[in-house]
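Worksheet for the structure shown next.
The values are calculated or read from the model by the stated rules, or taken from the named source; none is laboratory data. Just so it is clear, the structure is predicted and the values come from calculations on it, not from any experiment. A quick note on method: Cβ atoms are made from the backbone with ideal geometry, for glycine too, and the neighbour counts reach across all protein chains shown. The accessibility values were calculated without ligands, DNA or RNA, using every heavy atom of the protein model including side chains. Shrake-Rupley method; radii C 1.70, N 1.55, O 1.52, S 1.80 Å.
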Amino acid sequence: MEQRMTILTLRVEDLDVATRFYVDGLGWKPFLAVPGEVTFLQIAPGVALSLFDASGFDQDAGRPLPHPFNLAHNVDSEADVDRVVAELTAAGGSVVLEPQPAQWGGYHAFVADAAGFVWEIAYNPGWSVASDGTVSIS
């Protein structure tokens, strides 16, 4: 697993309130917003903050997680998801959700590290990072 994080996902009870805080209150610009589901904001080159509606967050992980956030590590293929999950479990992590097709069209898994913090390992064919670090999801 490369030493990097691509998305910090926050589980939010009220997506509209959370989105207004970052967009209207702080002036941050979303690069993708799906009303009632998720809002993505770029927070650093190649890194996004995801505000995920609570019910969708729990459903995506297959169950409620012990913390109201997860870290994501995007990879280039489904095989890479399987490989990184194997690396994490070999290092002492535990699988929360086995690698599988995601309802959003990609392939993902959730793995808890030794301290219980959860990583989503994901292949999203629409995820891209331009040479200047600009993130986009098509």
query = Under the condition of being at pLDDT below 95 and of a type outside the set (S, T, N, Q), which residue from region 94-111 is farthest from Thr9 (Cα to Cα)?
reply = Gly105
inquiry  = If I ask for residues that are hydroxyl-bearing (Ser, Thr, Tyr), under 17 Å from Ala48 (Cα atoms) and open to solvent by less than 70 Å² (accessible area, probe 1.4 Å), which ones from region 85-138 would you list?
reply    = Tyr123, Ser128, Thr134, Ser136
ask   = Given Leu15, Leu41, Leu10, which one is under 13 Å from the mean Cα position of the chain (by Cα), of a type outside the set (D, E, K, R), open to solvent by less than 80 Å² (accessible area, probe 1.4 Å) and more than 18 Å from His108 (Cβ to Cβ)?
value = Leu41
note = Selection over region 18-38 where residues are open to solvent by 40 Å² or more (accessible area, probe 1.4 Å) and part of a strand (DSSP E or B) yields a count of 5
task = Just give me the residues in region 63-81 being assigned to a helix (DSSP H, G or I) and touching a residue at least 24 places away in the same chain (Cβ under 8 Å), in sequence order.
result = Glu78, Asp80, Val81
request  = Output the residues belonging to region 105-138 that are in a strand (DSSP E or B), free of Cβ contacts under 8 Å to residues at least 40 places away in the same chain and over 22 Å from Asp58 (Cα atoms).
outcome  = Ser128
remark   = Of (1) surrounded by fewer than 18 Cβ atoms within 10 Å (Cβ to Cβ); (2) within 11 Å of Leu10 (Cα to Cα), Phe57 fails just (1)
remark   = Across region 44-54, the tally of residues that are exposed (fewer than 15 other Cβ atoms within 10 Å of the Cβ) and either assigned to a strand (DSSP E or B) or hydroxyl-bearing (Ser, Thr, Tyr) (or both) stands at 1
